[in-house]
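Student: Below: one structure in structure tokens.
The values are calculated or read from the model by the stated rules, or taken from the named source; none is laboratory data. The structure displayed is predicted, hence computed values, not measured ones. In this analysis, Cβ positions are derived from the backbone assuming ideal geometry, glycine residues included, and neighbour counts consider all displayed protein chains. SASA here: full protein model, heavy atoms, side chains in, ligands and nucleic acids out. Shrake-Rupley method; radii C 1.70, N 1.55, O 1.52, S 1.80 Å.
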Amino acid sequence: VRVAASHAPTTLRRPPQMAPRRAPLSVAASAFAPPRLGVSKNLALSSRRAPSVASGQLRRSQRTPMIHATVHRRGSHIIVCAAMADVQDAMDVREMLKMDVKKDKGLVVGQLDNGFRYVVLPNKLPPTRFEAHLEVHVGSVDEGVDEQGIAHLVEHVTFLGSKKRENLLGSGARANAYTDFHHTVFHVHAPVTNNMSGGKMLPQVLEALEDIAFRPEFQLNRIEKERKAVLAEAQMMNTIEYRVDCQLLQYLHEENNLGCRFPIGKTDQVKTWPAPALRKFWEKWYYPANVTLYVVGDLDRSVDDVKALIEKTFGKLKPGRISADDIKRLQSLDPREYGPAPAAVPALGAGAASAQSSPSDAAASSVSGQAAALHDLLIKTRHSVRPPVDHKFGYGPLAPGEKPAEVKLFRHPLLHHYMLSIFCKLPIKPMTTMDHLRQSFMMRTLLSVFRFRLHGRYMSGEPQFITVDLDISDSGREGCAVSTLTITAEPRDWAAATTVGVQEIRRLQRHGLTAGEFERYREAILRDSSQLAEQANKIPSFDTLNFVMESLACGHTVMGHRDAHEAMMQVAATITLDEMNSLVRSMLTF
Ligand SMILES: [Zn+2]
């Protein structure tokens, strides 16, 4: 349901991206391939204090064997497993779990005085190239009833209307843009040196991004051109896969805007907005505090120099202001319905009132104090929670009198397979502490065991299903975590396939993991994170950047791969089979 700008001549359009868990009918392979343990989004973690219990320090107590640690050497990987802990060590463990995970040392996060945020991360691959992505925190969920699709159209007009973007042509840079539920992103992939002029690319790219986001012209011919482009895009996107995806999102998010504000919007509305409507939407949402810039790559200068360049390029922008109209609306609306300043709304009233009623010693300072206070309050800040929607969460047994979830059915002659999806929405748990890391480790163990069981039990025969997959993942675009059981099959096998999926989930829920499975997959996950740590410098900047963007959207701490592996070893050593199985019981209740 991502929509990409179509007329960027320098690049191919990226296909609409769908979360794998809801990629409809994405048949075979994935369910039977070994789980890709290495790519867990949930491993974005960190901390400033170094955990005191390093894995090497797991030890037998002097008095009684408190932590029973076994060290296996397998190839180059050392795996530590601990089974029991005594009182003293249990306290050490509790202290360790409270600690923050270590933040990636290379990651620099900063903010300019006007509220503009930036993230800089040196990354060696590909060499002499970098990524610069400008994320505006506005997407289709922020659209009003009569604005459906306007975020996407504004993206097109700002991006393609920019002269400085055009000047990137021939430089060796590729630029494009996309709009999603929760954000609009303008992205440039560039060499450090301009292919034609030999000049430095980073200043040129940042200026182009500044021009795109903050100096749009909204020329009428450009608007009409992009209106047509967007309408053509809507027609092209309207495949059966897209429609299935929309159905799933509609059901999953029927209680909020995610279920009805798809980025592509409504074509009858796209046809109508005049230029001032586009400009109004842009003015409302494109202001420095609502933007984050990411620069990731093999940079030709120090991080301090990059920061100085960001300050020079974006520091002169004026902070966004709340207009008189906005203030009237803010006072009459539920803050959640209005974007820019949920925090500033009560603050505005309270601040103004206290400024008026507080007696002051010096009239002059009071006046300047009031001015300063009002000045601060009128500056727009971004939503503290994005996307700004309310979710109906829940899993576990039904409360007395509660009705079970409704079964929704979607049929279409173009659908050749049967697919069953069972969803459960949960709040995202920001991954910031060792304890959170431990929880995610247990989740991954659960997913691995489920996938391997299906693989092992059915693949030798002729399974009556195409895929049976369990997924639990955080979604920055939806602002929630979703656990999903997806079953696909040939239509004639629908009943048998459903039975397999449901039986396997129930079996796992009732009887849990065996001790052997627990140990095997715990080791597999550690082996995997060890491999990832070894490949830490071999991940392309584009993937690294998207990982960082998604992690920050979910509130996770971004961890370096080596630190992540070390932390995983520590937490893995503290998990018991009983704890693991109690998590399995609760997670699979749905
Ligand atoms: Zn587009």
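Student: Which condition does Lys316 not pass, out of (1) modelled with pLDDT of 90 or more; (2) within 27 Å of Glu550 (Cβ to Cβ); (3) not in a helix (DSSP H, G or I), if it passes all the others?
Tutor: (2)
Student: Yes or no: segment 129-138 includes at least one residue that is assigned to a loop (DSSP other than H, G, I, E, B), under 27 Å from the mean Cα position of the chain (by Cα) and touching a residue at least 40 places away in the same chain (Cβ under 8 Å).
Tutor: Yes, segment 129-138 contains a residue that is assigned to a loop (DSSP other than H, G, I, E, B), under 27 Å from the mean Cα position of the chain (by Cα) and touching a residue at least 40 places away in the same chain (Cβ under 8 Å).
Student: So, in segment 369-397, of the ones that are within 20 Å of Asp142 (Cβ to Cβ) and open to solvent by 80 Å² or more (accessible area, probe 1.4 Å), which residue ends up modelled with the highest pLDDT?
Tutor: Asp390
Matching residues to (1) closer than 30 Å to Leu248 by Cα; (2) open to solvent by 30 Å² or more (accessible area, probe 1.4 Å):
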| residue | (1), (2) |
| --- | --- |
| Ser440 | yes, no |
| Arg457 | yes, yes |
| Gln464 | yes, yes |
| Gly479 | yes, no |
| Trp494 | yes, yes |
| Glu523 | no, no |
| Pro540 | no, yes |
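Student: Based on what the data block shows, is Gly512 open to solvent by 20 Å² or more (accessible area, probe 1.4 Å), modelled with pLDDT of 95 or more and under 27 Å from Phe590 (Cβ atoms)?
Tutor: Spelling it out, it is not the case that Gly512 is open to solvent by 20 Å² or more (accessible area, probe 1.4 Å), modelled with pLDDT of 95 or more and under 27 Å from Phe590 (Cβ atoms).
Student: Separate question: Among what's in segment 160-202 and is within 25 Å of Ser475 (Cβ to Cβ) and touching a helix residue (DSSP H, G or I) at 6+ places or on another chain (Cβ under 6 Å), pick the residue that is farthest from the ligand (Cβ to nearest atom).
Tutor: My answer is Phe181.
Student: So in segment 420-438, with the set limited to residues that are open to solvent by 40 Å² or more (accessible area, probe 1.4 Å) and in a strand (DSSP E or B), which one is nearest to Leu552 (Cα to Cα)?
Tutor: So the residue we want is Phe423.
Student: Is it the case that Glu490 is more than 16 Å from Phe452 (Cα to Cα) and either among the aliphatic types (A, V, I, L, M) or in contact with a Phe, Trp or Tyr (Cβ under 9 Å, 6 or more places away or on another chain) (or both)?
Tutor: Taking the combined requirement at face value, the residue satisfies it.
Student: Kindly indicate which of Tyr294, Tyr286, Tyr251 is over 30 Å from Asp543 (Cβ atoms) and in contact (Cβ under 8 Å) with a residue 40 or more places away in the chain.
Tutor: Tyr251
Student: Then there is this: Please count how many residues of segment 212-252 are open to solvent by 20 Å² or more (accessible area, probe 1.4 Å), closer than 24 Å to His133 by Cβ and in a helix (DSSP H, G or I).
Tutor: Result for segment 212-252: 2.
Student: For Val205, state whether it is within 15 Å of Ile310 (Cβ to Cβ) and among the β-branched types (Val, Ile, Thr).
Tutor: Spelling it out, Val205 is indeed within 15 Å of Ile310 (Cβ to Cβ) and among the β-branched types (Val, Ile, Thr).
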